Structure formats: C-alpha cells, structure tokens
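Chemist: This structure is in structure tokens; I'll ask about it shortly.
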Amino acid sequence: MSDAVGRRGRYALALLLAVNLLNYVDRQALYAVFSLIKADLRLSDTALGLLGSAFMLCYMVAAPFFGRLGDRCNRNRLAAGGLFAWSLATMLSGWAPSYRLLLAARSLVGMGEASFGTVSPGLVADFFPRERRGRMLSLFFLAIPVGSALGYILGGSLGQAFGWRRAFMLVGLPGLALAAPLWFLAEPRRGRATPDESPAGEGLAAVLRSFAANRTFVHATLSMAAMTFALGGLAQWVPSFLHRSFSLDVARGNTLFGMLTVVAGIVGTLAGGWLGDRLQRRSAAGYLHVSAAGFLLGAPLAALAILSHSLPLCLAAIFAAELFLFLNTGPLNTVLVNVVAPNRRATGFAITIFTIHALGDAVSPAIIGALSDVWGLAAALLTTPAAILVAALFALLAGRTVAGDQRAAEA
C-alpha cells in the first residue's frame, strides 16, 4: 500500500469513526434524559418507551431502502445526507414543544442513522486490503461501546446542567459540522465492481433469494441476531438485576455496568480484530473461529454472573463475559463484507441490520421482562447465555461454507 493510499485510508477511517461515534451518542443520549423528559412532559412509561421503539422501528424499516440505494449511488454522499438529517433531527428533538413532535423527531433520527449504517462498513472495507479489514472494522466499531457510553455521560451531564432540550441541541451540533467533510470524501472503488454494475433491474424477491442462497451470509447474520438478542437483553436488565440481587441503587448499578461495558468493549473489539486477521491468514474461517470461541467462552461466564451470590464475582464475570462477546464485532462484520459482492454490500448490511434488530434487541427486553414476571429476573436472564450458545453454533456453521462463498463474491 502506497503512502498516499495509506494516508487516504487513515483519514477516511478517522472521519467515519468520528461519525459512527456521533451515531451512538445521538442514539443513546435519549435514554440518559428519560427521567427529565418524563417529568417535563408528564409522560407514562409506555409513552416514554415508545420514543425508543419509534427510533428502532424506523431504523429497521428504512435500512433495506437505503441499502438498495447505497448499491447504486455515491455512498459517502448518502451517508453524509443521513448524518445531516439525524443531527438536525436530534437538535429538533430539543426544540419539540409536544410529545408528538418529539416522537416524530426521534423517528427521523432512526431514518437518518439507517442510511449511514447500511453503507459505512462497506466504505471502510473498500479503503483497505482484505488482509487488514478485520482490524480496521474493529476500530470503526469501537464506536459501539465508546459512543454508547459517551451518549449516557454527555446526555446525563448536559441534561442535568442545562435541561434535556439543550442537551439534545448540543449533542446534535457536531454532526452538522462533519456532514461536509463526509460529503466530499472521495469514494473508494468497490472491489472489482462499480455502482453501474449493480443489477438495477433485478426485483427485490430475486435479491432476497440470492442472499438466502449465500449460506455464510445467512448463518453469520443469524449469529449476530442471537448475539444482539443477548446483549440487548443484558443492557436493559442488568442494572435492575444488580439492584434486586445486590441492593445497588439504580445510579450506581448503571455506572458500574457502563464502565465495565466500555472497557470490555474496547479491549474485546480490538483484540478480536487483531486475532481475526492473524487466524484468517491460516484459514478462510479464521474470523468465524474467533467469533465462535468468544461466544463459547462468554456464555458460561454470563451464566456465572447471573447465578453468583457475590457482587465482586458477579462484576468480574460480567466484565470477562463482555470482553469475550465483543471479540466478534470486527470479525463477523468482516465476514459479511467478504462473502458479498462489492456492488451488493449496502443491501447485505441493510438485510443484516433489519434481521439482527427484529430478532434481537427489539424483542429480547420484552421477552425477558415477561419471563421475569413468571420465573424471576435471574432465571429469565439465563435466556441470554442460551442465546449466546446459539450464536456460536451459527458462527461454526458459517465457517463450513465461508471459503466457497468468499470465492464467489470475488469472482
């Protein structure tokens, strides 16, 4: 790789990482100011929860549309338009004088983020050679733990100091400044394909059939969905579990869990990218073996955390479980890039986004809550290590077909 190409790739990665951080900051800031919005607008918990559900529903529904568009259009400009839209919608959330307008603004945030989420992994991948993609995508996806934590911290501190309305306006502002650099970013070549080679006349049913025939894509997506089910449920319920099982107040439980998640997320994500790239040189299934190993090690540790009667042991097990679970972040996303033709990647990530949220964190908190009413919270949370084992199974199944599907994608 020449110095000029290397500098271009590093600049693109830094810019896309910064935008992805804002993606998760603006997404999570809402939950940090829930109590302030509830008191100010006098909302029920149902109405409050619908603000988060509206975001996720619009994100899921819009993703397939932007995925198809991203395979035909300039991707960085599509992402820049989404960034401008969701940043402006975040700021408008603070301006909204009524609940209905706040709900509409949060829905627009979901639509804007969907455009970036579908095209950005493929953009990152195309700036770097295949042997470095695991590490580069791991750096890009550091935004998940770091951006989420920043969303809680910034949203909470700004909301406490200035009120929830100004908090939204302040966290949305940086995105408007980054929209122009992203718009003018030179789009990399899409592997051996170009946007013009995208099968524009192909119907949606035919596209879906082609992805269904890609067994590695299907199994890797289902592995992600099972992992998202587990992590979504744990993120929602672990603070309540710590409160009920160890009498920690909600603020302390959230703080402890957030700190553990950030550190484990950073270490696990970076380690997974590094290990995946090393093992991938020896085997076409290297990325999938790292992911499966992380799931198999993380599942019993998650169960230990839930069943433990000692707070220090519980916290240590949570940290270790999350560290192993985050190993998959770069590797699994890299597999999804490598087994899909360059002119179909945005559509592929759109399908993955829809599937992992529809089968994962869109339903797991409610399922665990319903089971908790019957069995108790600790017993209900044991569904999460079971889901992690399912994720490991699908990762191993994907490893059996990845070599052939990767060759087909590169043909």
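Chemist: Would you mind stating whether L51 is more than 23 Å from P174 (Cβ to Cβ) and touching a helix residue (DSSP H, G or I) at 6+ places or on another chain (Cβ under 7 Å)?
Modeler: Details: more than 23 Å from P174 (Cβ to Cβ): no; touching a helix residue (DSSP H, G or I) at 6+ places or on another chain (Cβ under 7 Å): yes.
Here the answer is no, as L51 does not meet what is asked.
Chemist: So which of G201, G175 ends up being more than 30 Å from A387 (Cβ to Cβ), at pLDDT below 95 and not assigned by TED's automatic domain parsing to the domain that holds L311? Lay out the reasoning, then the answer.
Modeler: Details: G175 fails: at pLDDT below 95.
Going through G201, G175 in turn, the sole match is G201.
Chemist: Which is under 30 Å from E187 (Cα atoms) and in contact with a helix residue (DSSP H, G or I) (Cβ under 8 Å, 6 or more places away or on another chain), of F295, F319, F326? Lay out the reasoning, then the answer.
Modeler: On the way: F295 fails: under 30 Å from E187 (Cα atoms); F319 fails: under 30 Å from E187 (Cα atoms).
Being under 30 Å from E187 (Cα atoms) and in contact with a helix residue (DSSP H, G or I) (Cβ under 8 Å, 6 or more places away or on another chain) holds for just one of F295, F319, F326, which is F326.
Chemist: Continuing with this model, one more query. Quickly run through the range 152-168 and pick out the residues that are modelled with pLDDT of 85 or more and surrounded by 18 or more Cβ atoms within 10 Å (Cβ to Cβ). Quick ask: steps written out before the conclusion?
Modeler: The initial filter retains those residues of the range 152-168 that are modelled with pLDDT of 85 or more, namely 158-159, 161-168.
Listed by number, the residues that qualify are L158, G159, W164, R165, A167, F168.
Chemist: Now, a different point. Every residue in the range 386-411 that is crowded, with 22+ Cβ neighbours inside 10 Å and closer than 17 Å to F324 by Cα, please.
Modeler: Residues satisfying the conditions are A387, I388, A391, A392, F394, A395.
Chemist: Would you check if G49 is in the same structural domain as L123 (by TED's automatic domain parsing), within 22 Å of the chain's Cα centre (by Cα), closer than 11 Å to E113 by Cα and free of Cβ contacts under 8 Å to residues at least 40 places away in the same chain?
Modeler: On the way: in the same structural domain as L123 (by TED's automatic domain parsing): yes; within 22 Å of the chain's Cα centre (by Cα): yes; closer than 11 Å to E113 by Cα: no; free of Cβ contacts under 8 Å to residues at least 40 places away in the same chain: yes.
Spelling it out, it is not the case that G49 is in the same structural domain as L123 (by TED's automatic domain parsing), within 22 Å of the chain's Cα centre (by Cα), closer than 11 Å to E113 by Cα and free of Cβ contacts under 8 Å to residues at least 40 places away in the same chain.
Chemist: Within the group A180, A114, which residue is over 20 Å from the mean Cα position of the chain (by Cα) and in contact (Cβ under 8 Å) with a residue 24 or more places away in the chain?
Modeler: Numbers: A114 fails: over 20 Å from the mean Cα position of the chain (by Cα).
Every option except A180 fails the conditions.
Chemist: Select from the range 255-282 the residues that are over 20 Å from the mean Cα position of the chain (by Cα), more than 15 Å from N333 (Cβ to Cβ) and not charged (D, E, K, R) and list them in ascending order. Before you say what the answer is, go through the steps one by one.
Modeler: Here is the first cut: in the range 255-282, the residues over 20 Å from the mean Cα position of the chain (by Cα) are 255-256, 275, 277-282.
Next, only the ones that are more than 15 Å from N333 (Cβ to Cβ) stay: 255-256, 278-279, 281-282.
Passing the criteria: T255, L256, L279.
Chemist: Determine if the range 283-304 includes at least one residue that is more than 23 Å from the chain's Cα centre (by Cα) and within 21 Å of V402 (Cβ to Cβ).
Modeler: Looking for residues that are more than 23 Å from the chain's Cα centre (by Cα) and within 21 Å of V402 (Cβ to Cβ), one finds at least one in the range 283-304, hence yes.
Chemist: Here's another thing I want to ask about it. Working carefully through the options N343, N328, N338, N333, find the one that is within 19 Å of M60 (Cβ to Cβ), among the polar types (S, T, N, Q) and not assigned by TED's automatic domain parsing to the domain that holds C73.
Modeler: Numbers: N343 fails: within 19 Å of M60 (Cβ to Cβ); N328 fails: within 19 Å of M60 (Cβ to Cβ); N338 fails: within 19 Å of M60 (Cβ to Cβ).
Selected residue: N333, the only one of N343, N328, N338, N333 that is within 19 Å of M60 (Cβ to Cβ), among the polar types (S, T, N, Q) and not assigned by TED's automatic domain parsing to the domain that holds C73.
Chemist: Could you tell me which numbered condition W375 fails, if it satisfies all but one of (1) without any contact (Cβ under 8 Å) to a residue 40 or more places away in the chain; (2) more than 28 Å from G253 (Cβ to Cβ); (3) aromatic (F, W, Y)?
Modeler: So the condition that W375 fails would be (2).
Chemist: Does the range 363-379 contain at least one residue that is within 29 Å of E113 (Cα to Cα) and part of a loop (DSSP other than H, G, I, E, B)?
Modeler: Residues of the range 363-379 within 29 Å of E113 (Cα to Cα): 363-369.
Within this subset, residues satisfying the condition of being part of a loop (DSSP other than H, G, I, E, B) are 363.
The answer is yes; a qualifying residue exists.
The values are calculated or read from the model by the stated rules, or taken from the named source; none is laboratory data. None of the values given here were measured: they were computed from a predicted structure. Reconstructed Cβ throughout: ideal geometry from the backbone, glycine too, with neighbour counts over all protein chains shown.
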